[in-house]
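For reference, the structure discussed in these notes is given below.
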Amino acid sequence: MIASLRLGGAERQLSGLALLLHTYGHDVEVLTYREGSFYAKELQEAGVKHTVISHPGSDLKLIDTIAAHLKEVKCEVLVSYLLGSNIKACLIKRKYPALKIIVSERNCTRHFGLYTSVRLSFYKIADYVVCNSYAQEEVVRKHCPSLSGKLTTIPNFVDSCRFKPSDRNGSSDDKCIKILTTARLHSRKNATGLIKAAADAGCENLHFDWYGALSKDKYYGRCRKLICKYGLQDRFHIHPGSDKVEQLYAEADVFCLPSFYEGTSNSLAEALSSGLPVVCSDVSDAARYVIPGQNGLLFNPKDRKRFAETLRALAATPPEVLRQWGRKSRETAVSKLSKEMFIKRYLDLLEGVLGGKN
């Protein structure tokens, strides 16, 4: 049995992993201990068991409860995503030594401080540490060489059947380049940097739509003030997140992700698979998937001048070139981010963990 702890935005990839493992004949259980399991319906329809454990208020009690449950169901391997779940998984192994543990690193660490050092020290208990970016693997290997033998990288996968090119991509029939961002409106995603660069670029043919405003918080207010300050109300729009994201990609000409840091971004993978040219920050593994002049452009998110120059270069790119870039994006997604590659890597990892046991 493979049981998984999941929490927050990593649900999509972990639920996808559970569904794929189930398809390949594994006995899978998804275990959650917080509200917001918005993939429960997909799991239920596929016949994947989903167990919700109520948080008792104390993390130590929660660890005891989860360990007792995993012993009861004779779980063999526990896969955890995100930092808090990873540490809990390592502590659960203390309670259930026979359990194999695979912890996952989802972002690229920018600052190596005490918390990161403590977190990685817990990982010594784990059997494997899976990074979703090669950049993070390098960071962990550099700062915690004792984990080198347990490290591997498995990038996120994208469903290329769900996210596929449309005839609309890159058409620019109205002489307007429609630039889409699908990401949580958060400071680390650098929406303010994109607004400033858009103002500095001064390209009237660039129109921006950002989907991912969860609430009208302080950062949302800051973004709105900047849009008004620079007179971009007609060209820069912020929207709530959408459950019809495939349609958003289908209606866009270009995808932009200006983040200060990422792991392997789900939205970047979706945009590539949807056949969109990509303009994004040169952070983490972005350069593995976006090659300047072949399927998009890269920029330093901290360099406002260069960011604006990149947008000007985009504005001057002919529609036919954008279409060529889009085709290359699709090829990149299919060859580097397929679910077949993703599940093969996990199946190989599980075979190693279980010593060849089916």
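The values are calculated or read from the model by the stated rules, or taken from the named source; none is laboratory data. Keep in mind that this is a model prediction, so the values were computed, not measured. Cβ placement follows ideal geometry from the backbone for every residue including glycine, while neighbour counts extend to all protein chains displayed. Calculation scope for accessible area: heavy atoms of the full protein, side chains included, ligands and nucleic acids excluded. Shrake-Rupley method; radii C 1.70, N 1.55, O 1.52, S 1.80 Å.
Filter the range 64-79 down to residues that are open to solvent by less than 10 Å² (accessible area, probe 1.4 Å) and either farther than 13 Å from D127 by Cα or assigned to a helix (DSSP H, G or I) (or both), then give me how many there are. Spell out how you get there, then give the answer.
Just the residues of the range 64-79 that are open to solvent by less than 10 Å² (accessible area, probe 1.4 Å), to begin with: 66-67, 70, 75, 77-79.
Subsequent filtering for residues that are either farther than 13 Å from D127 by Cα or assigned to a helix (DSSP H, G or I) (or both) retains 66-67, 70, 75.
The number of residues fulfilling the criteria is 4.
Which condition from (1) assigned to a helix (DSSP H, G or I); (2) of a type outside the set (K, R); (3) open to solvent by 10 Å² or more (accessible area, probe 1.4 Å); (4) closer than 27 Å to S267 by Cβ is the one that S121 breaks?
Status for S121: all satisfied but (4).
Would the range 57-80 turn up any residue that is aliphatic (A, V, I, L, M), closer than 22 Å to Y134 by Cα and either in contact with a Pro (Cβ under 8 Å, 6 or more places away or on another chain) or at pLDDT 95 or above (or both)? Working first, answer last.
Start the filter on the range 57-80 by keeping residues that are aliphatic (A, V, I, L, M), which leaves 60, 62-63, 66-68, 70, 73, 77-79.
Going one step further and asking which of them are closer than 22 Å to Y134 by Cα, we end up with 79.
Imposing the further condition that a residue be either in contact with a Pro (Cβ under 8 Å, 6 or more places away or on another chain) or at pLDDT 95 or above (or both) reduces the set to 79.
Yes, the range 57-80 has at least one match.
Looking for whichever is assigned to a helix (DSSP H, G or I), closer than 19 Å to P165 by Cβ, open to solvent by 20 Å² or more (accessible area, probe 1.4 Å) and small (G, A, S) here; the options are S329, S335. Which one fits?
Working: S329 fails: open to solvent by 20 Å² or more (accessible area, probe 1.4 Å).
One residue alone meets the criteria, S335.
Starting from the range 240-268, keep only residues that are open to solvent by 10 Å² or more (accessible area, probe 1.4 Å), then list their pairs with residues that are of a type in the set (F, W, Y) and assigned to a loop (DSSP other than H, G, I, E, B) whose Cβ atoms are within a distance under 7 Å, requiring at least 6 positions of separation or different chains.
Matching pairs, first to second residue: E246/F163.
Rundown of residues vs (1) of a type in the set (F, W, Y); (2) closer than 21 Å to A286 by Cα; (3) modelled with pLDDT of 95 or more, yes/no style:
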position: A197; (1), (2), (3): no, yes, yes
position: G202; (1), (2), (3): no, no, yes
position: Y211; (1), (2), (3): yes, yes, yes
position: S215; (1), (2), (3): no, no, no
position: C228; (1), (2), (3): no, no, yes
position: F236; (1), (2), (3): yes, no, yes
position: K244; (1), (2), (3): no, no, no
position: D253; (1), (2), (3): no, yes, yes
position: S259; (1), (2), (3): no, yes, yes
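State whether the residues of the range 126-139 include one that is surrounded by fewer than 16 Cβ atoms within 10 Å (Cβ to Cβ) and closer than 24 Å to A287 by Cα. Can you show your working first?
Pass one, the range 126-139, residues surrounded by fewer than 16 Cβ atoms within 10 Å (Cβ to Cβ): 134, 138.
From what is left, the residues that are closer than 24 Å to A287 by Cα are 134, 138.
Yes, the range 126-139 contains at least one residue that is surrounded by fewer than 16 Cβ atoms within 10 Å (Cβ to Cβ) and closer than 24 Å to A287 by Cα.
Just name the residue that is surrounded by the most Cβ atoms within 10 Å (Cβ to Cβ) out of those in the range 17-37 that are out of contact with any His (no Cβ under 6 Å at 6 or more places or on another chain) and of a type in the set (S, T, Y). Give the steps one after another, and end with the answer.
In the first step, residues of the range 17-37 are kept if they are out of contact with any His (no Cβ under 6 Å at 6 or more places or on another chain); the result is 17-27, 29, 31-32, 34-37.
Remaining after also requiring of a type in the set (S, T, Y): 23-24, 32, 37.
Numbers: T23: 13, Y24: 13, T32: 20, S37: 17.
It comes out as T32.
Is it true that G275 is on the phi > 0 side of the Ramachandran plot, open to solvent by less than 30 Å² (accessible area, probe 1.4 Å), of a type outside the set (A, V, I, L, M, F, W, C) and touching a residue at least 40 places away in the same chain (Cβ under 8 Å)? Reasoning before the result, please.
Values: on the phi > 0 side of the Ramachandran plot: yes; open to solvent by less than 30 Å² (accessible area, probe 1.4 Å): yes; of a type outside the set (A, V, I, L, M, F, W, C): yes; touching a residue at least 40 places away in the same chain (Cβ under 8 Å): yes.
Here the answer is yes, as G275 does meet what is asked.
Report every pair of residues separated by at least 6 positions or lying on different chains whose Cβ atoms are under 8 Å apart, first residue within the range 190-201 and part of a helix (DSSP H, G or I), second of a type in the set (S, T, N, Q).
Partner pairs satisfying both residue conditions: A191/T181; L194/T181; A197/T310.
Out of the range 95-142, which residues are out of contact with any Asp or Glu (no Cβ under 6 Å at 6 or more places or on another chain), among the β-branched types (V, I, T) and under 30 Å from K74 (Cβ atoms)? Quick ask: steps written out before the conclusion?
Residues of the range 95-142 out of contact with any Asp or Glu (no Cβ under 6 Å at 6 or more places or on another chain): 95-99, 102-130, 132, 137-142.
Remaining after also requiring among the β-branched types (V, I, T): 102-103, 109, 116, 118, 125, 129-130, 139-140.
Those that are out of contact with any Asp or Glu (no Cβ under 6 Å at 6 or more places or on another chain), among the β-branched types (V, I, T) and under 30 Å from K74 (Cβ atoms): I102, V103, I125, V129, V130.
Go through the range 184-219 and report how many residues are among the hydrophobic types (A, V, I, L, M, F, W, C) and open to solvent by 60 Å² or more (accessible area, probe 1.4 Å). Full working, then the answer.
Of the residues in the range 184-219, the ones among the hydrophobic types (A, V, I, L, M, F, W, C) are 185, 191, 194-195, 197-199, 201, 203, 206, 208, 210, 213-214.
From the residues that got through so far, the ones that are open to solvent by 60 Å² or more (accessible area, probe 1.4 Å) too are 214.
Residues that pass the stated criteria total 1.
Looking at R222, R162 in this structure, which one is open to solvent by 50 Å² or more (accessible area, probe 1.4 Å), touching a Ser or Thr at 6+ places or on another chain (Cβ under 7 Å) and either in contact (Cβ under 8 Å) with a residue 24 or more places away in the chain or small (G, A, S) (or both)? Give the derivation first.
On the way: R162 fails: touching a Ser or Thr at 6+ places or on another chain (Cβ under 7 Å).
None of the others qualify; the one that does is R222.
Name every residue in the range 80-106 that is part of a strand (DSSP E or B) and open to solvent by less than 30 Å² (accessible area, probe 1.4 Å), in order of residue number. Give the derivation first.
First, pick out the residues of the range 80-106 that are part of a strand (DSSP E or B): 80-81, 100-105.
Within the range 80-106, S80, Y81, I101, I102, V103, S104, E105 qualify.
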